[in-house]
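One structure is given here, and the rest of the page talks about it.
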2 protein chains.
Amino acid sequence: MRTVDPAKHEARRRHILTAAAECFATKGFQNTRTADICAAAGMSSGNLFHYFASKQAIFTAIFEQDGHDNAALLEQAATADNALEALLGFAEFMVAQTEYPHLAGLMLEVIANAKLDADFAALLDRNDRENRDGLITVLKRAAAAGQIDPALDPVTAANWILVLIEGAFVRASADSGFQPYRDKAMLRRMITRFLAAEADRQA
Amino acid sequence: MRTVDPAKHEARRRHILTAAAECFATKGFQNTRTADICAAAGMSSGNLFHYFASKQAIFTAIFEQDGHDNAALLEQAATADNALEALLGFAEFMVAQTEYPHLAGLMLEVIANAKLDADFAALLDRNDRENRDGLITVLKRAAAAGQIDPALDPVTAANWILVLIEGAFVRASADSGFQPYRDKAMLRRMITRFLAAEADRQA
């Protein structure tokens, strides 16, 4: 019986997702053939189908993986010693993804797929809700620890932090001169000052 | 010779754009016929063609009008007595547009059209550049008047204010429970605190 090394399997899986994302972003989902993904990943189609059943399954898996990665980070943040610092780390992790060279192309494919495929749209909604709920948990902890303004409604604050993160994606894909991750001191300034209590701002 | 009342002509033109925007947002650009726009605007096709040559011309005109309205507001802001207040007014004016009931539908049509029509994409870029340049002018005046942190790079600050505005659009179209205009105290809090000099924050 052949044994599978889980770490190796996982690395191979992620390798395929990265190669496929680049194909989707540069050629478009419709124009990408599984043969293109195989070529980009440097593997045979038999080997590829061992990991994913179809092109659509690969596209979906890219954003499932994204959701898992974000959820894992927010789970860590929920028990971190410094809740505010963990929240800032999450925002920076998200905004770091704007450095992806094919961002605008991939975002267009995401929008097109969400319009055509209700299951994919539901996955994006689920990811979004998990991000929001994770942020709310961390914001409540930061408020309880006296790190942020206790008068701020955590749902409202979570939404505005997501406005910043999503806005950074939109703006970075519209204007290649704007690199929000290199500007991450500004992201940090916006979030910390937004969340601060008046007393801290006067300190 | 028939005389044209310019104010009446302008009002009629805007009426057509509003009616057409609703058709595009709810039915999609492809599925909207000029007959639908005529019905929504309550006018004959002969009368409609007196104002616009084609469906595409109407779609483009919606965003030309948007650009003109924003540019006019930023021009006023550039000479306003209180530059910071004028900047906040501009941001609120932009975010007020997220109240549009068919926002998500219209945004999808904008993205689809920009992908297919290079002239339309260039118009969006031009509007965007005008907004950014207008904001930079107002930010420089606010800095010169001692209203905001003089150490902030005005280009960077303008970009992050646009991140907030565009992020509010994206988030409002993704989550109907989030109404950034009703939350505009938060928008104001984010912008004023972001722009403030340390000294003002301690005042």
TODO: Take the range B:86-116 and flag every residue that is of a type outside the set (A, V, I, L, M) and closer than 14 Å to B:Leu135 by Cβ.
DONE: B:Gly89, B:Phe90, B:Glu92, B:Phe93
Open item on the list: Just the residues that are among the polar types (S, T, N, Q) and more than 13 Å from the chain's Cα centre (by Cα), please, taken from the range B:98-155.
Closed with: B:Asn113, B:Thr137, B:Gln147
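Of these, B:Ala19, B:Ala40, which one is open to solvent by 50 Å² or more (accessible area, probe 1.4 Å), more than 17 Å from B:Val110 (Cβ to Cβ) and at pLDDT 95 or above?
Matching residue, one of B:Ala19, B:Ala40: B:Ala40.
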Task: Given (1) closer than 30 Å to A:Leu195 by Cβ; (2) not in a helix (DSSP H, G or I), index of the condition A:Gln30 fails - done: (1)
Task: A:Glu85 being open to solvent by 30 Å² or more (accessible area, probe 1.4 Å), under 23 Å from B:Arg171 (Cα atoms) and not small (Gly, Ala, Ser) - done: no
Open item on the list: Going by what's in this entry, would B:Glu75 be described as within 16 Å of B:Thr137 (Cβ to Cβ), open to solvent by 50 Å² or more (accessible area, probe 1.4 Å) and more than 14 Å from every other protein chain (Cβ to nearest Cβ)?
Closed with: yes
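The values are calculated or read from the model by the stated rules, or taken from the named source; none is laboratory data. Note that this is a predicted model, so its numbers are computed, not measured. Neighbour counts run over all protein chains shown; Cβ positions are idealised from the backbone, glycine included. Side chains included, ligands, DNA and RNA excluded: accessible areas come from the protein's heavy atoms. Shrake-Rupley method; radii C 1.70, N 1.55, O 1.52, S 1.80 Å.
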